[in-house]
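Shown next, in structure tokens, is the structure this report addresses.
The values are calculated or read from the model by the stated rules, or taken from the named source; none is laboratory data. A quick note: this is a predicted structure, and the numbers were derived from the prediction, not measured. Glycine also receives a Cβ, built like all others from the backbone with ideal geometry; neighbour counts cover every protein chain displayed. Calculation scope for accessible area: heavy atoms of the full protein, side chains included, ligands and nucleic acids excluded. Shrake-Rupley method; radii C 1.70, N 1.55, O 1.52, S 1.80 Å.
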Amino acid sequence: MKKCLLIFALVSVFVSCEKLLDSLTKFEMDFNQTVVIPSSSGVDLPFDVFTPETETNSTAEFEVNDTRKDLIEEIVLRKLVMTVNSPEGEDFSFLESIIIYMSAEDLPEIKIAWNEEVSANPGEQLELVTTTEDLKEYIKKDTYTLRLKTVTDEFLSTDYEIGIATTFFVDAKILGL
């Protein structure tokens, strides 16, 4: 009986240590960008807006979390929230739909977030549905670009400055563990 209890205790300790180590290999990376949706001359016409290249600083971020690019197992977009920065007091009611694509050097463009039917009263913030695809190859690059494919359902008399906040979940090995 004592041997069974000892084996059970050792297995429990091993499993708890493994879970603890596994939790230490997971972290989040946040990126913030700004894009301008220009005033429009048409309604219900799709148009593309590109963000400037975003530096990932992934090597430094991975080092802070005791890992390296070659030890990354998976990176998934957990959250993408857009906020109307200006004009003040405006909201996303001008949008009919939006799809966001990500691209990076030597990688194909990939659809990462969308809202294909924006509600009539969405407010100043809009959280999009995000992909479950593994985006590690994009975030491991030095920079990436987002392309917003938007359709408006009303005339825009002024430019809209939109903030885009993304949260990526990273699952990595810490120094090879």
message = Being of a type outside the set (A, V, I, L, M, F, W, C), modelled with pLDDT under 70 and closer than 30 Å to Lys141 by Cα: is that true of Ser41 here?
response = no
Qualifying residues in the stretch 94-127 (those that are in a loop (DSSP other than H, G, I, E, B), over 21 Å from Glu55 (Cβ atoms) and in contact (Cβ under 8 Å) with a residue 12 or more places away in the chain) - the one most open to solvent (accessible area, probe 1.4 Å) = Glu117
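Look at Thr145 and say whether it is over 16 Å from Asn115 (Cβ atoms), in contact (Cβ under 8 Å) with a residue 12 or more places away in the chain and in a loop (DSSP other than H, G, I, E, B). Write out each step before concluding.
Values: over 16 Å from Asn115 (Cβ atoms): yes; in contact (Cβ under 8 Å) with a residue 12 or more places away in the chain: yes; in a loop (DSSP other than H, G, I, E, B): no.
Taking the combined requirement at face value, the residue does not satisfy it.
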note = Selection from the stretch 50-61 of residues assigned to a strand (DSSP E or B), open to solvent by 20 Å² or more (accessible area, probe 1.4 Å) and under 22 Å from Leu126 (Cα atoms) yields Phe50
Of all residues making up the stretch 52-66, the number that are over 16 Å from Tyr138 (Cβ atoms) and either touching a helix residue (DSSP H, G or I) at 6+ places or on another chain (Cβ under 9 Å) or charged (D, E, K, R) (or both) = 3
request  = Could you list, in sequence order, all residues of the stretch 62-93 that are touching a Lys or Arg at 6+ places or on another chain (Cβ under 8 Å) and not in a strand (DSSP E or B)?
outcome  = Phe62, Thr67, Lys69, Leu71
message = Taking the criterion of being without any contact (Cβ under 8 Å) to a residue 24 or more places away in the chain, within 19 Å of the chain's Cα centre (by Cα) and surrounded by 15 or more Cβ atoms within 10 Å (Cβ to Cβ), would at least one residue in the stretch 63-85 satisfy it?
response = no
query = Which of the residues spanning the stretch 128-142 are β-branched (Val, Ile, Thr), under 15 Å from Ser58 (Cβ atoms) and either open to solvent by 20 Å² or more (accessible area, probe 1.4 Å) or in a strand (DSSP E or B) (or both)?
reply = none
